[in-house]
Amino acid sequence: MSKVIFEVNYHIKPEKRNEYFGIIEEIKKLNSSTGIDYSVYENKKNSNNFSEIYVCNSEEEFDTLEDKQGDAILDLNDKINSLLSDAKVSYSTKYEI
């Protein structure tokens, strides 16, 4: 079984930074309660550029990730979308070899 890393990258509006951190804390709590391995990182060379990282233990776990998260996290993700400085969001999926 190979691990899968799912990464979401985006920029938020500088004036929305504190609101963003509040939303991320809620997402962390909800993911933790369902056993999802989730972290958020900031690019220090490019302020307000963030990466959400999900680590799944298998492709099957990755395939069910969205179902495990539920509506509460999907609603919080919509709130994050309203904080973006532009519409550019990049997604990347990496499979362990």
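Would you mind calculating the gained length between T93 and T34 on full extension (0.36 nm times residue separation, minus the Cα-Cα distance), in nm to one decimal? Before the final figure, lay out each step's value.
Values: separation 59, 0.36 × 59 = 21.24 nm, distance 2.08 nm.
Contour length minus the Cα-Cα distance gives 19.2 nm.
Rg(Cα) of the chain divided by 2.2 N^0.38 Å? It would help to have the intermediate numbers written out before the result.
On the way: Rg = 13.5 Å, N = 97, 2.2 N^0.38 = 12.5 Å.
Compactness ratio reported: 1.08.
In degrees between 0 and 90, to the nearest 10, how far off the longest principal axis of the chain does helix 17-33 point, with axes built from Cα atoms?
The helix 17-33 is inclined about 20 degrees to the chain.
When only Cα pairs under 8 Å and 6 or more residues apart are kept, what is the percent relative contact order across the stretch 8-97? Intermediate values should be presented prior to the final figure.
Details: 92 pairs, mean separation 39.1, N = 90.
With pairs under 8 Å counted, the relative contact order is 43 percent.
As I understand it, the value is the acute angle between the Cα axis of helix 65-81 and the longest principal axis of the Cα atoms of the chain; what does it come to in degrees, rounded to 10?
Tilt relative to the chain: about 10 degrees.
State to the nearest 20 debye the size of the charge dipole of the stretch 37-97 about its Cα centre, where the only charges are +1 on K and R beta carbons and -1 on D and E beta carbons. Write out the running numbers ahead of the final one.
On the way: 6 positive and 14 negative charges, 117 e Å.
Around 560 debye, computed over the stretch 37-97.
Throughout, read-outs are computed from the coordinates displayed, never taken from laboratory work. Quick caveat, the model's predicted, so the values are computed rather than measured. Ideal geometry is used to build each Cβ from the backbone, glycine not excepted, and the neighbour counts take in all protein chains shown.
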